[in-house]
Amino acid sequence: MSIRILAIESSCDDTSAAIMVDGQLISLGVSNQEVHAKYGGVVPELASRAHLQNIVPVIVDVINQAGLEPKDLSAIAFTQGPGLLGSLLVGTNFAKSFALASNIPLISVNHMEAHIMAHMIDDPKPTFPFLCLTVSGGHTQIVLVKSPLQFQILGETIDDAAGEAFDKTGKMLGLPYPAGPEIDKLARKGMPLYSFTHPKVKGYNYSFSGLKTSIRNFIIKEKNKDIDFIGSHLNDICSSVQKTIVDILLHNLEKAALDHDISEIAIAGGVSANSGLRIGLTDLCSSHNWTAYIPKFEYCTDNAAMIAMSAHFKYLKGDFEQQTIAPEPRLKMLH
Ligand code: KG4
Ligand code: ZN
(Lines give C-alpha, C1' and ligand atoms only; values in the text may rest on other atoms or scores of the structure.)
(Ligands and ions follow the chains in the order given, each with its own letter.)
Protein backbone atom coordinates (compact mmCIF):
# COMPACT_ATOMS: atom_id res chain seq x y z
CA MET A 1 0.00 0.00 0.00
CA SER A 2 1.50 3.34 -1.00
CA ILE A 3 1.89 6.30 1.38
CA ARG A 4 -0.42 9.07 0.18
CA ILE A 5 -0.06 12.30 2.13
CA LEU A 6 -2.12 15.48 1.88
CA ALA A 7 -0.08 18.37 3.33
CA ILE A 8 -1.17 21.87 4.28
CA GLU A 9 0.97 24.97 4.82
CA SER A 10 -0.64 28.07 6.37
CA SER A 11 2.03 29.59 8.64
CA CYS A 12 2.12 33.10 7.17
CA ASP A 13 0.43 34.60 4.11
CA ASP A 14 0.43 31.74 1.56
CA THR A 15 -2.20 29.00 1.66
CA SER A 16 -0.72 25.88 0.11
CA ALA A 17 -1.61 22.21 -0.24
CA ALA A 18 0.22 19.27 -1.80
CA ILE A 19 -0.20 15.57 -2.46
CA MET A 20 2.83 13.30 -2.13
CA VAL A 21 2.76 9.59 -2.94
CA ASP A 22 5.66 7.46 -1.66
CA GLY A 23 7.87 10.54 -1.39
CA GLN A 24 7.08 11.74 -4.94
CA LEU A 25 5.34 15.09 -5.33
CA ILE A 26 2.14 14.59 -7.33
CA SER A 27 0.41 17.97 -7.07
CA LEU A 28 1.06 21.36 -5.48
CA GLY A 29 -1.19 24.41 -5.15
CA VAL A 30 -0.37 27.80 -3.66
CA SER A 31 -2.77 30.67 -3.15
CA ASN A 32 -0.93 33.96 -2.50
CA GLN A 33 -2.57 36.75 -0.52
CA GLU A 34 -2.39 40.08 -2.35
CA VAL A 35 -4.28 41.88 0.43
CA HIS A 36 -1.11 42.74 2.42
CA ALA A 37 0.80 44.67 -0.27
CA LYS A 38 -0.86 48.00 0.47
CA TYR A 39 0.03 47.75 4.19
CA GLY A 40 3.74 47.18 3.58
CA GLY A 41 3.78 43.90 5.51
CA VAL A 42 1.65 40.91 6.50
CA VAL A 43 -1.39 41.87 8.61
CA PRO A 44 -2.04 38.78 10.81
CA GLU A 45 -5.79 39.29 11.14
CA LEU A 46 -6.24 39.59 7.37
CA ALA A 47 -3.94 36.62 6.76
CA SER A 48 -6.03 34.23 8.85
CA ARG A 49 -9.25 35.38 7.19
CA ALA A 50 -7.76 34.87 3.73
CA HIS A 51 -6.52 31.38 4.72
CA LEU A 52 -10.06 30.53 5.77
CA GLN A 53 -11.35 31.55 2.33
CA ASN A 54 -8.55 29.86 0.36
CA ILE A 55 -7.92 26.61 2.18
CA VAL A 56 -10.76 24.44 0.87
CA PRO A 57 -10.41 25.43 -2.83
CA VAL A 58 -6.62 24.85 -2.71
CA ILE A 59 -7.03 21.42 -1.10
CA VAL A 60 -9.83 20.31 -3.45
CA ASP A 61 -7.67 21.41 -6.36
CA VAL A 62 -4.59 19.32 -5.40
CA ILE A 63 -6.69 16.23 -4.62
CA ASN A 64 -8.39 16.52 -8.04
CA GLN A 65 -5.11 17.17 -9.84
CA ALA A 66 -3.68 14.01 -8.28
CA GLY A 67 -6.69 12.02 -9.52
CA LEU A 68 -7.45 10.91 -5.97
CA GLU A 69 -10.42 11.03 -3.66
CA PRO A 70 -10.26 11.97 0.03
CA LYS A 71 -10.79 8.29 1.00
CA ASP A 72 -7.54 7.34 -0.82
CA LEU A 73 -5.32 9.33 1.57
CA SER A 74 -3.05 7.63 4.14
CA ALA A 75 -2.39 10.70 6.33
CA ILE A 76 -2.87 14.45 6.59
CA ALA A 77 -0.01 16.79 7.56
CA PHE A 78 -0.02 20.41 8.64
CA THR A 79 2.43 23.13 9.73
CA GLN A 80 2.38 23.35 13.53
CA GLY A 81 4.78 26.33 13.69
CA PRO A 82 6.67 28.57 13.79
CA GLY A 83 4.35 31.18 12.30
CA LEU A 84 1.39 33.46 12.95
CA LEU A 85 -1.06 31.95 15.44
CA GLY A 86 -4.25 32.82 13.55
CA SER A 87 -2.82 31.53 10.26
CA LEU A 88 -1.55 28.30 11.84
CA LEU A 89 -4.94 27.70 13.47
CA VAL A 90 -6.69 27.53 10.10
CA GLY A 91 -4.44 24.74 8.74
CA THR A 92 -4.25 22.92 12.08
CA ASN A 93 -7.99 22.87 12.57
CA PHE A 94 -8.68 21.74 9.03
CA ALA A 95 -6.13 18.90 9.34
CA LYS A 96 -7.49 17.73 12.69
CA SER A 97 -11.08 17.67 11.44
CA PHE A 98 -10.08 15.88 8.23
CA ALA A 99 -8.05 13.26 10.13
CA LEU A 100 -10.95 12.64 12.48
CA ALA A 101 -13.55 12.41 9.72
CA SER A 102 -11.38 10.14 7.52
CA ASN A 103 -9.92 8.13 10.40
CA ILE A 104 -6.34 8.62 9.16
CA PRO A 105 -3.16 9.67 11.06
CA LEU A 106 -2.40 13.32 11.73
CA ILE A 107 1.19 14.54 11.24
CA SER A 108 2.54 17.86 12.56
CA VAL A 109 5.46 19.51 10.76
CA ASN A 110 7.95 22.17 11.82
CA HIS A 111 8.00 24.87 9.12
CA MET A 112 11.77 25.49 9.37
CA GLU A 113 12.62 21.79 9.17
CA ALA A 114 10.33 21.55 6.15
CA HIS A 115 12.16 24.42 4.35
CA ILE A 116 15.30 22.28 4.65
CA MET A 117 13.54 19.06 3.65
CA ALA A 118 12.49 20.76 0.38
CA HIS A 119 15.93 19.55 -0.76
CA MET A 120 14.76 15.93 -0.56
CA ILE A 121 11.91 16.41 -3.09
CA ASP A 122 13.93 16.28 -6.34
CA ASP A 123 17.35 14.99 -7.39
CA PRO A 124 20.16 15.77 -6.78
CA LYS A 125 19.64 15.44 -3.03
CA PRO A 126 22.27 16.32 -0.43
CA THR A 127 23.72 13.47 1.62
CA PHE A 128 23.63 13.59 5.43
CA PRO A 129 25.12 15.31 7.31
CA PHE A 130 24.84 18.59 5.39
CA LEU A 131 24.71 22.26 6.30
CA CYS A 132 21.72 24.41 5.44
CA LEU A 133 21.47 28.19 5.57
CA THR A 134 17.74 28.82 6.05
CA VAL A 135 16.89 32.41 5.19
CA SER A 136 13.33 33.70 5.20
CA GLY A 137 11.24 36.68 6.25
CA GLY A 138 11.18 35.48 9.85
CA HIS A 139 14.32 33.34 10.27
CA THR A 140 18.03 33.18 9.54
CA GLN A 141 19.71 29.99 10.71
CA ILE A 142 22.71 27.81 9.96
CA VAL A 143 21.57 24.25 10.61
CA LEU A 144 23.59 21.03 10.75
CA VAL A 145 21.19 18.49 9.23
CA LYS A 146 22.06 15.04 10.59
CA SER A 147 19.06 13.11 9.23
CA PRO A 148 15.55 13.97 7.93
CA LEU A 149 14.45 14.25 11.56
CA GLN A 150 17.59 15.49 13.35
CA PHE A 151 18.64 19.12 13.21
CA GLN A 152 21.17 21.16 15.18
CA ILE A 153 21.08 24.96 14.98
CA LEU A 154 24.69 26.20 14.84
CA GLY A 155 23.86 29.89 14.53
CA GLU A 156 20.91 32.21 14.09
CA THR A 157 20.03 35.87 13.95
CA ILE A 158 19.93 37.78 17.21
CA ASP A 159 17.59 40.45 15.77
CA ASP A 160 16.20 40.85 12.22
CA ALA A 161 16.02 38.01 9.72
CA ALA A 162 17.77 38.32 6.33
CA GLY A 163 14.41 38.68 4.54
CA GLU A 164 13.46 41.47 6.96
CA ALA A 165 16.76 43.21 6.15
CA PHE A 166 15.79 43.15 2.46
CA ASP A 167 12.18 44.19 3.14
CA LYS A 168 12.96 47.01 5.60
CA THR A 169 15.75 48.43 3.41
CA GLY A 170 13.42 48.30 0.43
CA LYS A 171 10.80 50.23 2.37
CA MET A 172 13.38 52.99 3.05
CA LEU A 173 14.04 53.07 -0.70
CA GLY A 174 10.32 53.37 -1.46
CA LEU A 175 9.99 49.83 -2.89
CA PRO A 176 6.77 47.80 -2.51
CA TYR A 177 6.43 44.90 0.00
CA PRO A 178 7.94 42.33 -0.10
CA ALA A 179 10.99 44.25 -1.28
CA GLY A 180 13.40 41.27 -1.46
CA PRO A 181 12.49 40.22 -5.03
CA GLU A 182 12.41 43.89 -6.12
CA ILE A 183 15.89 44.63 -4.74
CA ASP A 184 17.12 41.45 -6.47
CA LYS A 185 15.72 42.65 -9.83
CA LEU A 186 17.18 46.17 -9.56
CA ALA A 187 20.52 44.90 -8.21
CA ARG A 188 21.10 43.03 -11.46
CA LYS A 189 21.15 46.38 -13.31
CA GLY A 190 23.55 48.05 -10.86
CA MET A 191 27.03 47.84 -9.36
CA PRO A 192 27.89 47.35 -5.66
CA LEU A 193 29.55 50.78 -5.42
CA TYR A 194 28.72 51.49 -1.76
CA SER A 195 29.85 49.59 1.30
CA PHE A 196 28.01 49.16 4.58
CA THR A 197 29.30 47.95 7.93
CA HIS A 198 29.36 44.24 8.68
CA PRO A 199 28.15 43.23 12.17
CA LYS A 200 30.45 41.73 14.78
CA VAL A 201 28.56 38.82 16.35
CA LYS A 202 29.81 35.80 18.28
CA GLY A 203 30.03 32.31 16.77
CA TYR A 204 27.89 31.66 13.72
CA ASN A 205 25.16 34.10 14.77
CA TYR A 206 23.88 36.96 12.64
CA SER A 207 22.67 40.50 13.23
CA PHE A 208 21.00 42.73 10.65
CA SER A 209 19.67 45.63 12.73
CA GLY A 210 22.96 47.58 12.48
CA LEU A 211 22.94 47.26 8.71
CA LYS A 212 19.50 48.88 8.57
CA THR A 213 20.81 51.87 10.57
CA SER A 214 23.94 52.10 8.46
CA ILE A 215 21.86 52.19 5.25
CA ARG A 216 19.44 54.73 6.72
CA ASN A 217 22.32 57.05 7.70
CA PHE A 218 23.89 56.65 4.26
CA ILE A 219 20.61 57.60 2.54
CA ILE A 220 20.11 60.67 4.76
CA LYS A 221 23.69 61.86 4.13
CA GLU A 222 23.51 61.42 0.36
CA LYS A 223 20.04 63.00 0.11
CA ASN A 224 21.40 66.09 1.90
CA LYS A 225 23.86 66.51 -0.96
CA ASP A 226 21.45 65.50 -3.75
CA ILE A 227 17.70 65.26 -3.11
CA ASP A 228 17.26 62.88 -6.08
CA PHE A 229 20.07 60.58 -4.95
CA ILE A 230 17.87 57.49 -4.43
CA GLY A 231 16.03 57.83 -7.74
CA SER A 232 19.20 58.37 -9.77
CA HIS A 233 21.30 55.67 -8.03
CA LEU A 234 18.64 53.07 -7.11
CA ASN A 235 20.18 50.15 -9.03
CA ASP A 236 23.63 50.68 -7.50
CA ILE A 237 22.16 51.09 -3.98
CA CYS A 238 20.20 47.83 -4.38
CA SER A 239 23.26 46.05 -5.72
CA SER A 240 25.30 47.28 -2.72
CA VAL A 241 22.62 46.30 -0.17
CA GLN A 242 22.27 42.85 -1.72
CA LYS A 243 26.03 42.27 -1.85
CA THR A 244 26.40 43.27 1.81
CA ILE A 245 23.61 40.92 2.99
CA VAL A 246 24.94 38.04 0.86
CA ASP A 247 28.54 38.57 2.06
CA ILE A 248 27.39 38.55 5.71
CA LEU A 249 25.34 35.36 5.18
CA LEU A 250 28.08 33.47 3.36
CA HIS A 251 30.88 34.51 5.73
CA ASN A 252 29.44 32.54 8.69
CA LEU A 253 28.28 29.70 6.48
CA GLU A 254 31.84 29.22 5.19
CA LYS A 255 33.21 29.33 8.74
CA ALA A 256 30.67 26.73 9.95
CA ALA A 257 31.40 24.41 7.01
CA LEU A 258 35.17 24.58 7.58
CA ASP A 259 34.89 24.08 11.35
CA HIS A 260 32.52 21.09 10.98
CA ASP A 261 34.30 19.67 7.93
CA ILE A 262 31.09 19.56 5.87
CA SER A 263 31.22 19.73 2.09
CA GLU A 264 27.49 19.47 1.23
CA ILE A 265 25.99 22.95 1.55
CA ALA A 266 22.37 23.95 0.97
CA ILE A 267 20.28 27.11 1.15
CA ALA A 268 16.55 27.25 1.85
CA GLY A 269 13.71 29.69 2.54
CA GLY A 270 12.36 32.72 0.68
CA VAL A 271 15.69 34.56 0.46
CA SER A 272 17.30 31.52 -1.21
CA ALA A 273 15.48 32.76 -4.35
CA ASN A 274 17.92 35.70 -4.37
CA SER A 275 20.16 35.63 -7.45
CA GLY A 276 23.14 37.17 -5.60
CA LEU A 277 22.96 34.50 -2.89
CA ARG A 278 22.58 31.70 -5.44
CA ILE A 279 25.64 32.89 -7.40
CA GLY A 280 27.57 33.61 -4.18
CA LEU A 281 26.95 30.11 -2.81
CA THR A 282 27.88 28.49 -6.12
CA ASP A 283 31.17 30.44 -6.22
CA LEU A 284 31.94 29.73 -2.55
CA CYS A 285 31.36 26.01 -3.02
CA SER A 286 33.40 25.74 -6.20
CA SER A 287 36.34 27.55 -4.54
CA HIS A 288 36.40 24.86 -1.79
CA ASN A 289 35.37 21.94 -3.97
CA TRP A 290 32.10 21.65 -2.00
CA THR A 291 28.70 20.79 -3.49
CA ALA A 292 26.03 23.52 -3.46
CA TYR A 293 22.31 22.65 -3.26
CA ILE A 294 20.01 25.41 -4.43
CA PRO A 295 16.25 24.79 -4.36
CA LYS A 296 13.91 25.32 -7.30
CA PHE A 297 12.16 28.71 -7.08
CA GLU A 298 8.77 27.15 -6.21
CA TYR A 299 10.33 25.40 -3.18
CA CYS A 300 12.10 28.55 -1.87
CA THR A 301 9.05 30.45 -0.66
CA ASP A 302 6.37 28.89 1.55
CA ASN A 303 4.78 25.80 -0.01
CA ALA A 304 3.13 22.56 1.07
CA ALA A 305 5.44 20.30 -0.98
CA MET A 306 8.11 20.77 1.68
CA ILE A 307 5.54 20.03 4.43
CA ALA A 308 4.60 16.81 2.62
CA MET A 309 8.28 15.81 2.34
CA SER A 310 8.89 16.27 6.07
CA ALA A 311 5.64 14.45 6.81
CA HIS A 312 6.68 11.51 4.63
CA PHE A 313 9.72 10.89 6.86
CA LYS A 314 7.57 11.22 9.98
CA TYR A 315 5.06 8.74 8.52
CA LEU A 316 7.85 6.20 7.97
CA LYS A 317 8.74 6.54 11.65
CA GLY A 318 5.10 6.34 12.78
CA ASP A 319 5.38 9.80 14.33
CA PHE A 320 1.68 10.72 14.55
CA GLU A 321 -0.20 13.31 16.65
CA GLN A 322 -3.11 13.20 19.05
CA GLN A 323 -6.27 15.26 18.37
CA THR A 324 -5.30 17.56 21.27
CA ILE A 325 -2.35 19.06 19.37
CA ALA A 326 -2.31 22.87 19.05
CA PRO A 327 -0.29 25.33 16.90
CA GLU A 328 3.04 26.58 18.29
CA PRO A 329 3.91 30.06 16.94
CA ARG A 330 7.46 29.71 18.35
CA LEU A 331 8.03 26.02 17.67
CA LYS A 332 11.71 24.98 17.99
CA MET A 333 13.55 22.42 15.87
CA LEU A 334 14.07 18.80 16.88
CA HIS A 335 17.60 17.93 18.00
O1 KG4 B 1 10.16 31.72 3.34
P2 KG4 B 1 9.29 32.87 2.98
O3 KG4 B 1 8.43 32.75 1.74
O4 KG4 B 1 8.31 33.24 4.14
C5 KG4 B 1 8.70 33.23 5.47
O6 KG4 B 1 8.65 32.11 6.08
O7 KG4 B 1 9.15 34.29 5.92
O8 KG4 B 1 10.25 34.16 2.85
C9 KG4 B 1 9.78 35.45 2.52
C10 KG4 B 1 10.97 36.41 2.46
C11 KG4 B 1 10.58 37.88 2.31
O12 KG4 B 1 11.30 38.65 3.26
C13 KG4 B 1 11.02 38.23 0.88
O14 KG4 B 1 11.40 39.58 0.70
C15 KG4 B 1 12.21 37.31 0.71
O16 KG4 B 1 11.81 36.09 1.35
N17 KG4 B 1 12.54 37.06 -0.70
C18 KG4 B 1 13.66 37.52 -1.29
C19 KG4 B 1 13.59 37.11 -2.64
N20 KG4 B 1 12.43 36.41 -2.84
C21 KG4 B 1 11.79 36.38 -1.61
N22 KG4 B 1 14.69 38.21 -0.79
C23 KG4 B 1 15.69 38.52 -1.64
N24 KG4 B 1 15.69 38.19 -2.94
C25 KG4 B 1 14.67 37.48 -3.49
N26 KG4 B 1 14.70 37.15 -4.78
ZN1 ZN C 1 8.93 30.06 5.29
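May I ask which of LYS168/LYS296; LYS202/LYS296; LYS146/LYS255; LYS96/LYS185; LYS168/LYS255 have a Cα-Cα span longer than 30 Å here?
Flagged as over cut-off: LYS202/LYS296; LYS96/LYS185.
Could you compute the net charge surrounding ALA292? Neighbours are other residues with a C-beta less than 10 Å from the C-beta of ALA292; K and R count +1, D and E count -1.
-1
With an 8 Å cut-off on Cα pairs and a minimum separation of 6 or more residues, tell me the relative contact order of the chain in percent.
So the answer I get is 25 percent.
How far, in nm, would the chain grow between GLN150 and ASN217 when pulled straight, counting 0.36 nm per residue and subtracting the alpha carbon separation?
Extra length from GLN150 to ASN217 when fully extended: 19.9 nm.
At 1.4 Å probe size, with the rest of the protein present, what percent of the exposed accessible area of the chain is carbon and sulfur atoms?
The value for the chain is 52 percent carbon and sulfur by accessible area.
Just add up the charged neighbours of ALA37: K/R +1, D/E -1, any other residue whose Cβ is under 15 Å from the Cβ of ALA37.
Computed value for this residue: -3.
For an R0 of 25 angstrom, estimate the FRET efficiency from the Cβ-Cβ distance between SER275 and LYS125 and round to the nearest 0.05.
Efficiency for this residue pair is about 0.60.
Quick one: net charge around PRO176, please, counting Lys, Arg +1 and Asp, Glu -1 for every other residue with C-beta under 15 Å from its C-beta.
Every neighbour counted, the sum reads -1.
Once you place label points 7 Å from the Cα toward the Cβ at LEU334 and ILE3, how far apart are they in nm?
1.1
Looking only at GLN242, GLN24, GLN141, which one moves most when the chain is put into a Gaussian network model with springs between Cα atoms under 10 Å?
Looking only at GLN242, GLN24, GLN141, the largest GNM fluctuation is found for GLN24.
Whole angstrom only: what separates the Cα centroid of the stretch 2-61 from the Cα centroid of the stretch 140-161?
Result: 24 Å between the Cα centres.
May I ask you to give the solvent-accessible area per residue for the chain, in square angstrom, as obtained with a 1.4 angstrom probe?
Counting only protein heavy atoms, the per-residue value for the chain is 44 Å².
Among 283-289, 191-197, 318-324, 56-62, how do they line up by average Cβ neighbours within 10 Å per residue, starting with the highest?
56-62, 191-197, 283-289, 318-324
Please turn the phi angles of the stretch 103-116 into ³J(HN,Hα) values with the Karplus equation 6.51 cos²θ - 1.76 cosθ + 1.60 (θ = phi - 60°), one per residue in order, whole Hz, x for glycine and proline.
For the stretch 103-116, the Karplus curve yields 6, 10, x, 10, 10, 9, 10, 7, 4, 6, 5, 5, 3, 6 Hz.
Would you list ARG188, ARG278, ARG330 from the most to the least accessible area, probe 1.4 Å?
Correct descending sequence by accessible area is ARG330, ARG188, ARG278.
Just the number, please: percent antiparallel of the DSSP beta bridges in the chain, rounded to the nearest 5.
60
Going by average Cβ density within 10 Å per residue, which order do the peptides 227-239, 105-117 take, highest to lowest?
105-117, 227-239
Name the residues whose placed amide hydrogens come within less than 5 Å of the amide hydrogen of ASP159, ignoring near sequence neighbours (fewer than 5 apart) on the same chain.
Placed amide hydrogens put PHE208 under 5 Å from ASP159.
Using per-residue counts of other Cβ atoms within 10 Å, averaged over each peptide, order 167-179, 305-317 from highest down.
305-317, 167-179
Once phi is turned into θ = phi - 60°, what whole-Hz ³J(HN,Hα) does the Karplus curve with 6.51, -1.76 and 1.60 give for every residue of the stretch 306-323, x standing for Gly and Pro?
5, 5, 5, 5, 4, 5, 4, 5, 5, 4, 4, 8, x, 8, 10, 9, 7, 5
Could you give the angle, 0 to 90 degrees to the nearest 10, between helix 85-102's Cα long axis and the longest principal axis of the Cα atoms of the chain?
20
Each residue of the stretch 24-37 in order: what ³J(HN,Hα) in whole Hz does its phi give by Karplus 6.51 cos²θ - 1.76 cosθ + 1.60, θ = phi - 60°, with x for Gly and Pro?
9, 6, 9, 8, 9, x, 9, 10, 7, 9, 7, 4, 7, 3
Top to bottom by accessible area (1.4 Å), largest first, where do GLU9, GLU164 land?
Accessible-area ranking of GLU9, GLU164, largest first: GLU164, GLU9.
For LYS332, list the aspartates and glutamates whose Cα falls under 16 Å from its own Cα; do not include residues on the same chain fewer than 8 positions away.
Reachable aspartates and glutamates: GLU113, GLU156.
Using a Förster distance of 22 Å, how high is the FRET efficiency between ASP283 and LYS202, based on the Cβ-Cβ distance and rounded to 0.05?
It comes out at approximately 0.25.
Expressed as a whole number of Å, what is the distance separating the alpha-carbon centroids of the stretch 84-109 and the stretch 237-292?
Cα centroid to Cα centroid, the span is 36 Å.
The values are calculated or read from the model by the stated rules, or taken from the named source; none is laboratory data. Nothing here was measured: the structure is a model prediction, and the numbers come from that model. FYI the Cβ positions are ideal-geometry reconstructions off the backbone, even for glycines, and counts take in every protein chain you see. Only protein heavy atoms, including side chains, enter the accessible area calculation; ligands, DNA and RNA are left aside. Shrake-Rupley method; radii C 1.70, N 1.55, O 1.52, S 1.80 Å.
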